[in-house]
Amino acid sequence: GAVVSQHPSWVICKSGTSVKIECRSLDFQATTMFWYRQFPKQSLMLMATSNEGSKATYEQGVEKDKFLINHASLTLSTLTVTSAHPEDSSFYICSARGIGLYTDTQYFGPGTRLTVL
Amino acid sequence: AQTVTQSQPEMSVQEAETVTLSCTYDTSESDYYLFWYKQPPSRQMILVIRQEAYKQQNATENRFSVNFQKAAKSFSLKISDSQLGDAAMYFCAFCAGYALNFGKGTSLLVTP
């Protein structure tokens, strides 16, 4: 149980384009989803938290107009990187916690590697 | 602010041996949760073990166990009978609300 998927797993795009990453909870309903960014050999940095049907809460220093988050249902959250630039290249990971599970525990997706040329 | 410190950037253990990864944290909260996550080369974050701060009993999951010292704010992970598949980055994490606070991680190398 507690499986989280992400799509795509790897994306390359040109500078200036927008990229959407999907995060799905496959076998549970996710009341809260989280988006992280991870640079090579570093820890995870929380970008934003989203609750189903509500606006996302962004961490300090994260541009909400740059990283659009939509948590439209209890099983799906999306992160859209708008007008991507090379400095947005990174590994993006989502996590979820939800109904029927330990409410304090986050379960992670496999991550998405974004490369902006 | 809550901080999590993992003082060992790298550790090495021989197959079948035991290794302990250290983690300390700083908080003024009394109710919280502690976790160890494993991140292998695939970069998938895998929950290894979970500890509730109000429970004195140390959590165990098969070969993985913790030594939780609440007064000392210490939460170390012991891996017994190490296997090659245990090689990964290990992150200690703290949660007192909604967010996870991660340490910087310890890279574990397992040698045959």
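Where is the GNM fluctuation largest for chain A (alpha-carbon springs, 10 angstrom cutoff): A:49, A:103, A:32?
Greatest mean-square fluctuation among the candidates belongs to A:103.
Going by Cβ distance under 4.7 Å, what cysteines of chain B have no possible disulfide partner?
Cysteines lacking a close Cβ partner in chain B: B:95.
Taking the mean number of other Cβ atoms within 10 Å as a proxy for protection, how do you rank A:79-87, A:54-62 from highest to lowest?
Packing proxy ranking, top to bottom: A:79-87, A:54-62.
Based on a Kirkwood Rh over C-alpha pairs, give the Stokes-Einstein translational diffusion coefficient of the protein assembly as shown at 4 °C and viscosity 1.567 mPa s in µm²/s.
Approximately 71 µm²/s, per Stokes-Einstein.
Hey, with R₀ at 30 Å, roughly what FRET efficiency would residue B:69 and residue A:18 work out to, going by the Cβ-Cβ distance, to 0.05?
Once the sixth-power term is evaluated, E becomes 0.05.
So what is the orientation-averaged projected area of segment A:1-54, using the convex hull of its C-alpha atoms, in nm²?
5.2 nm²
Quick one: Debye curve from the alpha-carbon atoms of segment B:1-84 only, equal weights, vacuum; give me log10 I(q)/I(0) at q = 0.16, 0.17, 0.20, 0.22 Å⁻¹ to two decimals.
-0.65, -0.74, -1.00, -1.18
Where the centre of each part is set by its Cα atoms, how far does segment B:61-112 sit from segment A:18-63, in angstrom?
Here the two parts' Cα centres lie 23 Å apart.
Checking a compactness column here: for segment A:19-114, what do you get for Rg(Cα) / (2.2 N^0.38 Å), N being the number of residues?
In units of the globular-protein estimate, segment A:19-114 measures up at 1.02.
Using label points projected 7 Å from each Cα along Cα→Cβ, tell me how many nm separate residue B:3 and residue A:27, to one decimal.
Simple spin-label model gives 4.0 nm for this pair.
Cα to Cα, under 15 Å, and not fewer than 8 places away if on the same chain: which aspartates and glutamates meet these conditions relative to residue A:64?
The qualifying aspartates and glutamates are A:88.
On a 30 Å Cα-Cα criterion, which of the cross-link pairs A:14/B:38; A:41/B:78; A:20/B:78; A:66/B:55 come out too long? The partial results should precede the final answer.
Details: A:14/B:38 33 Å; A:41/B:78 22 Å; A:20/B:78 39 Å; A:66/B:55 42 Å.
Listed pairs above 30 Å: A:14/B:38; A:20/B:78; A:66/B:55.
Using the Karplus curve 6.51 cos²θ - 1.76 cosθ + 1.60 with θ = phi - 60°, what ³J(HN,Hα) values do you get for each residue of segment B:96-106, in whole Hz, with x for Gly and Pro?
Once θ is set to phi - 60°, the couplings for segment B:96-106 become 10, x, 10, 9, 8, 9, 9, x, 7, x, 10 Hz.
Report the extension gain between residue B:81 and residue B:12 in nm, rounded to one decimal, defined as 0.36 nm multiplied by the number of residues separating them, less their alpha carbon distance.
In short, 23.5 nm is gained.
Please identify the cysteines of chain A that lack any partner cysteine with a Cβ under 4.7 Å from their own Cβ.
Among the cysteines of chain A, those whose Cβ sits 4.7 Å or more from every other are A:13.
Average partner chain C-beta neighbours within 10 Å, per residue of A:29-40?
Mean shielding by partner chains, rounded to a whole number: 1.
Other chains' Cβ within 10 Å of A:101-110 residues: what's the mean?
For peptide A:101-110, the averaged partner shielding equals 5.
Return the long-range amide H neighbours of residue B:107 (sequence gap of 5 or more, or a different chain), with a cut-off of under 5 Å between placed amide H atoms.
Amide H neighbours of residue B:107, under 5 Å, 5+ apart: B:10, B:11, B:90.
If R0 is 41 Å, what FRET efficiency do you get for residue B:27 and residue A:89 from their C-beta distance, rounded to 0.05?
Details: r = 34 Å, r/R0 = 0.82.
The computed FRET efficiency comes out at 0.75.
Given 0.36 nm per residue, what is the gain on full extension from residue A:39 to residue A:102 after removing their alpha carbon distance, in nm?
Gain on extension, residue A:39 to residue A:102, equals 19.9 nm.
Using a 10 angstrom cutoff on alpha carbons, build the Gaussian network for chain A and name the most mobile of A:89, A:15, A:43.
Ranking A:89, A:15, A:43 by mean-square fluctuation puts A:43 first.
Listed highest first by mean packing, meaning other Cβ atoms within 10 Å per residue, what order do B:86-93, A:95-102 come in?
B:86-93, A:95-102
Using Cβ counts within 10 Å as a stand-in for footprinting exposure, how do A:47, A:33, B:45 rank, fewest first?
Ascending Cβ contact count within 10 Å gives the list A:47, B:45, A:33.
Just so you know, all these numbers are worked out from the coordinates, no wet-lab data involved. The structure displayed is predicted, hence computed values, not measured ones. Heads up, the Cβs are rebuilt from the backbone with ideal geometry, glycines too, and the neighbour counts pull from every protein chain shown.
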